[in-house]
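Novice: Pasting in a structure now, in structure tokens, and then I'll have a few things to ask.
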Amino acid sequence: MISVRELTKVYRQPTRDVVAIDDINLDIDDGEIHGIIGRSGAGKSTLVRCLTLLDRPTKGQVIVGSQDLTAVSDTELRNARRRIGMVFQHANLLSSRTVAENVAMPLEIVNTKKAERRAKAIELIELVGLNGLEDTYPAQLSGGQRQRVGIARALAADPDVLLCDEPTSALDPNTTEGILNLIRSVAERLNLTVVIITHEMSVVKNLCDSVSLLDAGKILESGKLSEVAGDV
Ligand code: ADP
Ligand code: ADP
């Protein structure tokens, strides 16, 4: 599903260049939940931005499905990005919009009709366990509920891939467990491929089928959780 080939990202600086991602290869199968774990400065944020081409890699390919995102036009790239739902550390909801309006935002961008947006939002709000909260505002919700809204919004455009960047780092352990269970259940139900970026081994152990260990821009190890987890 996702194939990363010889990916390199160098930040050019006046005094010295920073090699944030250093010749990474990565293969993630359809339906797999893959964790990318690394400490602060390892290159996780850079890798996320390169996977969605928000940052242009200095070198290498990012292939999603059969499409090489580094080789397509801007229009094709915009369409391809819709196939990747993004979940962030903080849900990044718009405070002036209701839960349903936040969830439907990706559909607004593609000009889906209002009634259809509302119907899809309600369906997703139920899927993430927030039934009845569609007309509340983000400020009325707990951190865990806000993250559920963020997950629902990530699913609005029917993506194939869910890319989660530190989705539980701002949450307490109980709330974290609920969010990880939710990610697993929606992934199974909607047949998604999931990439989860984290600095927490517990997140990987609770959720992932396979894991890559990122350090100083390189993948030190990659494999099934049972093969790699013992070494981390
Ligand atoms: P992580 O998300 O794992 O903390 P980052 O991807 O943010 O790691 O950073 C990886 C390395 O690249 C770090 O050395 C960081 O200082 C550097 N870096 C990240 N973004 C930039 C940038 N825009 N310009 C220069 N250096 C950067
Ligand atoms: P995180 O670890 O969550 O990525 P950081 O504090 O490392 O947070 O980075 C925050 C932002 O600053 C990112 O957009 C990153 O690209 C940028 N950044 C990080 N390191 C540098 C750097 N050395 N020079 C310039 N920008 C940087």
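Novice: Residue under question is Ile21, and the condition is that it be out of contact with any helix residue (DSSP H, G or I) (no Cβ under 6 Å at 6 or more places or on another chain) and either open to solvent by less than 70 Å² (accessible area, probe 1.4 Å) or closer than 29 Å to Val203 by Cβ (or both); does it hold?
Specialist: Criteria not met by Ile21.
Novice: Among the residues of segment 160-175, write down those that are in contact with a Ser or Thr (Cβ under 8 Å, 6 or more places away or on another chain) and over 18 Å from Asn92 (Cβ atoms).
Specialist: Result: Asp160, Val161.
Novice: Another question, if that's okay. Looking at Gly132 and the list (1) open to solvent by 50 Å² or more (accessible area, probe 1.4 Å); (2) in contact (Cβ under 8 Å) with a residue 24 or more places away in the chain; (3) assigned to a loop (DSSP other than H, G, I, E, B), which single condition is not satisfied?
Specialist: (2)
Novice: Just the residues that are within 16 Å of ligand 2 (Cβ to nearest atom), under 14 Å from the mean Cα position of the chain (by Cα) and touching a residue at least 40 places away in the same chain (Cβ under 8 Å), please, taken from segment 165-185.
Specialist: Of everything in segment 165-185, those that are within 16 Å of ligand 2 (Cβ to nearest atom), under 14 Å from the mean Cα position of the chain (by Cα) and touching a residue at least 40 places away in the same chain (Cβ under 8 Å) turn out to be Asp165, Glu166, Pro167, Ser169.
Novice: Turning to a different aspect of this structure: Which residues, counting only those in segment 71-103, are farther than 19 Å from Glu123 by Cα, open to solvent by 40 Å² or more (accessible area, probe 1.4 Å) and more than 18 Å from the chain's Cα centre (by Cα)?
Specialist: Within segment 71-103, Ala71, Ser73, Asp74, Thr75, Glu76, Leu94, Ser95, Ser96 qualify.
The values are calculated or read from the model by the stated rules, or taken from the named source; none is laboratory data. Please read all numbers here as calculations on a predicted model, not as lab measurements. Using ideal geometry, Cβ is built from the backbone for each residue, glycine included, and neighbour counts are taken over all protein chains shown. Side chains included, ligands, DNA and RNA excluded: accessible areas come from the protein's heavy atoms. Shrake-Rupley method; radii C 1.70, N 1.55, O 1.52, S 1.80 Å.
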